[in-house]
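Notes follow once the structure below has been shown.
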Amino acid sequence: MPESVTLTVGGRTMVIETGELAKQANGSALVRYGDQNVVLCAVTASESPREGIDFFPLTCDFEERMYAAGKIPGGYIKREGRPPEHAVLSSRQIDRPIRPLFPDGFRNDVQIVATVLSIDPELDADVLGVCAAGAALAVSDIPFEKTVAAVRVGRDEQGEYICNPTLPQYASGGMDVVIAGTADAVMMVEGGGNEISEDDFLGAVEFGHAEIRRIVKAIDELAKRTGKEKREFPLQKVDAELEKWVRKNFGKDVAKAMRTVEKGERERAFAKLSIEEALERCGKKDDEIRALLEAPSGSKDFGKIIKAMEEEELRVMVVDEKVRPDGRKPDEIRPIWCKVHYVPRVHGSGVFTRGQTQIFTAATLGSTSDAQRLDGIVALENKRYMHFYNFPPYSVGETRPMRGPGRREIGHGHLAERALLPVLPAKEDFPYTMRLMSETLESNGSSSMGSVCASTLALMDAGVPIRAHVGGIAMGLVLKDGKYRILTDIQGLEDALGEMDFKVAGTRSGITAIQMDIKVQGVTIEIMREAMTQAYTSRLFIIDKLAETIAEPRGELSKYAPRMIVMKINPDKIKDVIGPGGKVINKIIADTGVEKIDIEDDGSVFITSLDGESGEKAKAIVEALTKEITVGETYLGKVTRIINIGAFVQIAPGKEGLVHISQLAPTRVERVDDVVKVGDEVMVKVIEIDSQGRINLSRKALLNGAADTNERPPRRRERESARVGGGEGAPPMRRRRRPHGRPHDDE
């Protein structure tokens with residue numbers, strides 16, 4: 001029987017249990033939440049450390065199984081393959097709060113696999129993956145210092161915070177913030193909002209952290225009852241004598257290199273602090289040190305000591321001396337320049353440069369059918385706005401193979417996408433699909449926030465009527481002996497050696513996206529509040545720079561952008577526009593030259609063309625196909641066939657009516673083809689639509705200028721005979737005649 005703990009979180013019952021599933025892993029836990037959500041997490045560590053590495057080899061995977069939502073994957077391949085974007089982002093949410101809590105020097109491979117076994121499609125299970133991972137580590141024998149849990153915070157219709165809202169709730173409440181942490185501090189924040197204030201955001205963090213404490217307490221209780229004794233794993237440590245020697249011989253060099261303002265020169269100065277240089281500095285009495293340096297691990301041990309010295313020197317500079325490596329003050333932003341319409345052919349483009357971070361973003365507009373269709377276990381809508389982020393190796397002066405996007409690129413793209421969503425026009429006002437691609441041309445800190453700024457420029461250059469500029473800034477944190485300093489617009493070195501990377505994006509009115517990662521065991525709300533205040537001032541400064549470049553969206557789309565015509569038809573008429581097997585709609589596209597015609601279930605029609613003329617032609621055809629024919633209206637029609645008793649005239653695509661011989665002219669007509677022939681265009685008036693939908697027309701009514709006629713349409717029997725056997729060359733029908741030889745009026 002499994003051991004479990006039960007508590008209520010966000011109005012739903014959460015059960016955390018262990019001891020029944022995945023028992024060969026070092027630790028496993030199952031989280032049941034509400035009526036439908038079940039997530040299993042198993043953690044495993046290798047028996048020995050991986051040799052020759054100077055990093056912690058942690059792998060986190062969030063596995064989405066389609067069976068969890070009672071679905072079979074779409075397409076030809078019915079087995080899950082590459083994880084979807086949502087699963088990648090959920091994996092990152094597990095990794096980021098957990099990684100800093102493993103012991104320093106731990107080099108055993110650790111794999112965390114969270115598998116969604118069952119899900120309520122309207123309730124995201126990503127935070128349950130963090131809770132399950134925290135519980136699995138807590139009950140395992142793997143060294144892990146503090147228990148971690150996570151919750152999502154939204155708002156209800158009254159503006160009150162709610163824990164773990166459903167997808168519709170956090171969409172309508174204008175807030176979606178994921179908070180992860182320990183009982184003592186917040187470890188990670190990721191989310192967005194509809195221009196929420198700094199106070200509202202911090203309130204959400206405090207609210208969420210209170211819920212996290214309750215979950216952590218329950219997990220610790222479960223671990224106390226069932227947890228394994230923590231094993232002794234080897235920790236990678238450098239020799240104390242070697243560290244002492246390196247600090248003595250390279251201390252001044254590190255201090256000097258750290259104070260080199262230009263990035264390239266600084267990196268070259270640090271590159272000179274190499275193992276080869278250390279061997280040259282070894283004296284005759286340093287045989288023991290030389291042996292340590294020449295050992296297989298000597299180069300990595302030397303590099304680890306130098307990095308620790310760099311971190312310490314950075315703390316001295318920033319906290320004690322209030323000076324940053326590039327000479328800036330703690331709250332100073334690097335020089336900014338921007339340009340729009342940088343290349344001619346794309347629909348919109350922008351370049352944003354801040355210091356040595358430079359982003360080029362291209363905006364492309366497409367039809368509604370270009371939206372990204374999402375097939376996953378969570379009930380997410382198709383995406384009409386997509387933002388992708390690329391990080392080529394040349395942006396940091398390196399060489400490496402070019403592969404597909406990694407988790408970092410996907411995460412940065414999602415953050416920038418989230419930042420701009422609240423300012424986009426509604427689909428009803430701007431029915432285009434928007435795809436933005438940010439290329440990192442240079443990177444020295446905060447390229448993700450640079451892509452937010454470049455994307456604002458590109459959207460405005462494309463003529464997308466976004467309602468406000470969105471700017472982004474990355475804040476850093478440096479701790480030293482209980483004191484700290486918050487840094488604005490951190491560069492790469494400050495990100496690598498500092499304790500926090502806190503990204504904030506938004507408009508002048510409020511926050512639209514936020515992401516916080518830390519490398520220590522949590523930060524306090526007070527530190528976050530100070531960082532938010534500093535970020536707000538910086539964000540306004542950046543937005544002013546964007547507004548100087550382009551004050552508002554262009555009034556017209558690029559000449560290369562497709563034109564969109566939106567119209568509404570009766571949903572019952574959709575089949576008339578599409579036709580059997582798409583025959584009708586494909587013919588419209590071929591005849592008019594439009595790119596696409598997309599029709600939604602509610603009758604919305606989106607006609608996409610490269611020029612207005614072809615779009616208007618397609619619109620006219622769709623209108624004619626779906627127009628309701630009413631008695632009394634007149635039409636210019638084409639004669640399609642002739643029978644003895646009249647002529648059939650097409651008055652709209654797929655719609656024709658009969659002009660009885662008595663309705664062809666004001667005078668008596670002996671033969672139909674004496675008046676009209678097949679292919680003639682004639683003006684006709686609708687005089688009747690019978691109970692079966694058959695249309696009777698009159699040409700005579702228009703020639704007379706009369707509002708009505710004195711003659712009745714043909715009898716039903718005669719019409720049916722005409723439809724079955726009539727037409728040119730058909731034998732004449734037998735008709736009763738009056739003495740003067742004229743057909744009865746009712747014939």
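The values are calculated or read from the model by the stated rules, or taken from the named source; none is laboratory data. These numbers come from a predicted model, not from an experiment. FYI the Cβ positions are ideal-geometry reconstructions off the backbone, even for glycines, and counts take in every protein chain you see.
Filter segment 261-279 for residues that are surrounded by 17 or more Cβ atoms within 10 Å (Cβ to Cβ) and touching a residue at least 40 places away in the same chain (Cβ under 8 Å); which is farthest from residue 329 (Cα to Cα)?
Once the filter is applied, the top-ranked residue is 270.
Could you count how many residues in segment 203-239 are exposed (fewer than 15 other Cβ atoms within 10 Å of the Cβ) and hydrophobic (A, V, I, L, M, F, W, C)?
2
Take residue 605 and tell me if it is in contact with a Leu (Cβ under 9 Å, 6 or more places away or on another chain), more than 26 Å from residue 658 (Cβ to Cβ), outside the structural domain of residue 688 (by TED's automatic domain parsing) and not in a helix (DSSP H, G or I).
no
How do the strands (runs of 3 or more DSSP E) wholly within segment 1-87 filter down when requiring 2 or more residues that are at pLDDT 95 or above, at positive phi and touching a helix residue (DSSP H, G or I) at 6+ places or on another chain (Cβ under 9 Å): which remain?
By residue number, no strands (runs of 3 or more DSSP E) qualify.
Collect the residues in segment 109-154 that are surrounded by 24 or more Cβ atoms within 10 Å (Cβ to Cβ) and basic (Lys, Arg), keeping them in residue-number order.
Matches in segment 109-154: 152 only.
Scan segment 107-124 and report the pairs whose first residue is within 25 Å of residue 71 (Cα to Cα) and whose second residue is surrounded by fewer than 21 Cβ atoms within 10 Å (Cβ to Cβ) and of a type in the set (S, T, N, Q), with Cβ atoms within less than 6 Å and a gap of 6+ or a chain change.
Correct list of pairs: 118/36; 120/36; 122/166; 123/166.
Of the residues 186, 178, which single one is of a type outside the set (D, E, K, R), within 23 Å of the chain's Cα centre (by Cα) and at pLDDT 90 or above?
178
Could you tell me whether any residue of segment 511-519 is out of contact with any Lys or Arg (no Cβ under 9 Å at 6 or more places or on another chain) and either within 21 Å of residue 96 (Cβ to Cβ) or of a type outside the set (A, V, I, L, M, F, W, C) (or both)?
no
Filter segment 376-396 down to the residues that are in a loop (DSSP other than H, G, I, E, B) and out of contact with any helix residue (DSSP H, G or I) (no Cβ under 8 Å at 6 or more places or on another chain), then identify the one that is modelled with the lowest pLDDT.
381
Report whether or not residue 349 is among the polar types (S, T, N, Q), at pLDDT 90 or above and in the same structural domain as residue 395 (by TED's automatic domain parsing).
yes
Which condition from (1) closer than 28 Å to residue 386 by Cα; (2) surrounded by 16 or more Cβ atoms within 10 Å (Cβ to Cβ) is the one that residue 72 breaks?
If we test residue 72 against (1) closer than 28 Å to residue 386 by Cα; (2) surrounded by 16 or more Cβ atoms within 10 Å (Cβ to Cβ), just (2) comes out false.
Kindly evaluate residue 475 against the criterion of being in contact with a strand residue (DSSP E or B) (Cβ under 9 Å, 6 or more places away or on another chain), surrounded by 21 or more Cβ atoms within 10 Å (Cβ to Cβ) and in a strand (DSSP E or B).
Taking the combined requirement at face value, the residue satisfies it.
State whether one or more residues within segment 411-419 are closer than 22 Å to residue 544 by Cα, out of contact with any His (no Cβ under 7 Å at 6 or more places or on another chain) and among the small types (Gly, Ala, Ser).
yes
Which of the residues that make up segment 471-490 are within 23 Å of residue 387 (Cα to Cα) and touching a residue at least 60 places away in the same chain (Cβ under 8 Å)?
Result: 471, 472, 473, 475, 489.
Could you tell me whether any residue of segment 516-529 is closer than 26 Å to residue 335 by Cβ, touching a residue at least 40 places away in the same chain (Cβ under 8 Å) and in contact with a Leu (Cβ under 9 Å, 6 or more places away or on another chain)?
The answer is no; no qualifying residue exists.
For residues in segment 560-595 being in contact with a Gly (Cβ under 9 Å, 6 or more places away or on another chain) and among the basic types (Lys, Arg), which is nearest to residue 349 (Cα to Cα)?
563
Within segment 295-316, which residues are buried (at least 19 other Cβ atoms within 10 Å of the Cβ), modelled with pLDDT under 90 and aliphatic (A, V, I, L, M)?
Across segment 295-316, the qualifying residue is only 314.
Any idea which of 512, 456, 537 is polar (S, T, N, Q), outside any helix (DSSP H, G or I) and in contact (Cβ under 8 Å) with a residue 24 or more places away in the chain?
After ruling out the rest, the residue left standing is 512.
Take residue 479 and tell me if it is over 29 Å from residue 341 (Cα atoms) and at pLDDT below 90.
Criteria met by residue 479.
Do we find a residue being of a type in the set (D, E, K, R), touching a Cys at 6+ places or on another chain (Cβ under 9 Å), in a helix (DSSP H, G or I) and at pLDDT below 90 anywhere in segment 250-269?
no
So which of 38, 31, 5, 15 is surrounded by fewer than 18 Cβ atoms within 10 Å (Cβ to Cβ), of a type in the set (Val, Ile, Thr) and touching a strand residue (DSSP E or B) at 6+ places or on another chain (Cβ under 9 Å)?
15
Across segment 229-249, what is the total count of residues that are in contact (Cβ under 8 Å) with a residue 60 or more places away in the chain and part of a helix (DSSP H, G or I)?
Looking only at that region, the number is 4.
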